[in-house]
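We did not get these values from a lab; they are worked out from the coordinates using the rules stated. Everything quoted here is computed from the prediction, not taken from an experiment. Cβ coordinates were reconstructed from backbone atoms using ideal geometry, including for glycine residues, and neighbour counts include every protein chain displayed.
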Amino acid sequence: MHAPTKPRDLSVKEKDRRSKNASVTTAKGRGAEARGGGRHEQKRPTPAKGGGFKERQAAVPASETRERPVRQPAVQEAPARVIARRTGDKPAERVPLILETSGTSGYHLIDSGAGEKLEQYGPYRIVRPEAQALWPRSLPDSVWENADAIFTGDTDEDGMGRWRFPGAVLGETWPMQLLDTDFHGRFTSFRHVGVFPEQLAHWSWVKDQVQAAKRPLKVLNLFGYTGVASLIAAKAGAEVTHVDASKKAIGWARENQALARAEKLPIRWICDDAMKFIQREERRGSRYDIILTDPPKFGRGPNGEVWQLFDHLAAMLDICREILSPEARGLVLTAYSIRASFYSIHELMRETMRGHGGRVESGELIIREGGLDGREPGRALSTSLFSRWVPQ
């Protein structure tokens, strides 16, 4: 495995795409990022067949299970935000921008195909469903079948299932490191493992911005999941506010903070509905230099608040603009599992930042296959859409 390589910016001529933790109580492990913090709404589990392998049902805390809904008292929603039409020129644009993550010392995509992906997470090789992998596999089936862990069950992004272990049964967590930051990988019942490696592109960008600044930057991480981005930003010198609606996700983030020996870093861990939090910050006059937001398609806050991405995203970005500092370095939006082109969020971001100058860069996050040793560049696997406003 080779030393970490920095994600590359790569412009291409194509458009189109597919699409992460709103204020939900699901485990962003994304069962949130399913982002603990839940990226997606969860589904009933589909029993998996053993096929001769050792199996273990992934533990699902009561707070994460979702049987048929029980009628609850109606949640009093805040009045809908009226978004005034902004004037002035729209920011410059850079589209499409492809942000690529290749192999690092802690992670690489080994192979993909036939609706699955084979990845190296620290010491383990893991097989998970991947609908974007439409092509045939490059490596023999024997390599795939000898993985350390294989997810079986519902193949939807937020579907429940189990992990089977062709060799020894593994524990729930294992140590990982990305960008010199330690944290736990974790087997969850929603096929996620506590980290989304394609986000390395954004994390590297945040780290560079913080280290280049001549002052401590204030970073807001909305739908922060297990806190890897928050830890990377804080280790680079930022003052971080991490917000997630899931108590479990906040617990995971604090575990990661302890593992990273970062207890003294300036991070505020806040369990709250993201929309309610930023509305309060707007009233308080709080300002942030960098805002990262990774919302789910659907979610619920700790008090039953409902999040629908297509209904609430414009209002969320509108508030985020208001709480950017005068010397802000960026506003980053990532969108997973939505039926939309990146142009949809690109034009929304440009309208949001109209009259504010700067540039909006939008496109896709991709991961490049690296073969068994991580050194053999292969096909690109698209994972999500993004849009990023920067001041220049």
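Worth a mention:
- Spin-label pair Glu322/Asp141, simplified geometry with 7 Å Cα→Cβ offset, distance in nm: 5.8
- Ordered from longest to shortest, the equivalent ellipsoid semi-axes for region 154-275 are 27, 16, 13 Å, each the square root of 5 times a Cα gyration tensor eigenvalue.
- Remark: region 325-385 projects, on average over all directions, an area of 6.0 nm² (convex hull of Cα atoms).
- The simple Förster model, with R0 at 45 Å and r as the Cβ-Cβ distance, assigns Glu263 and Asn303 a FRET efficiency of 0.95.
- What the phi angles of region 270-286 give under the Karplus curve with 6.51, -1.76 and 1.60, with θ = phi - 60°, is a coupling list of 10, 9, 6, 5, 4, 5, 4, 5, 5, 5, 5, 4, 5, 5, 6, x, 5 Hz, glycine and proline written as x.
- Links that overshoot a 31 Å alpha carbon limit, given the list Lys218/Lys276; Lys248/Lys276; Lys117/Lys297; Lys117/Lys264; Lys90/Lys276: Lys117/Lys264
- Working note: Debye formula, equal point scatterers on the alpha-carbon atoms of region 76-231, no solvent; log10 I(q)/I(0) at q = 0.16, 0.18 Å⁻¹ is -1.03, -1.19.
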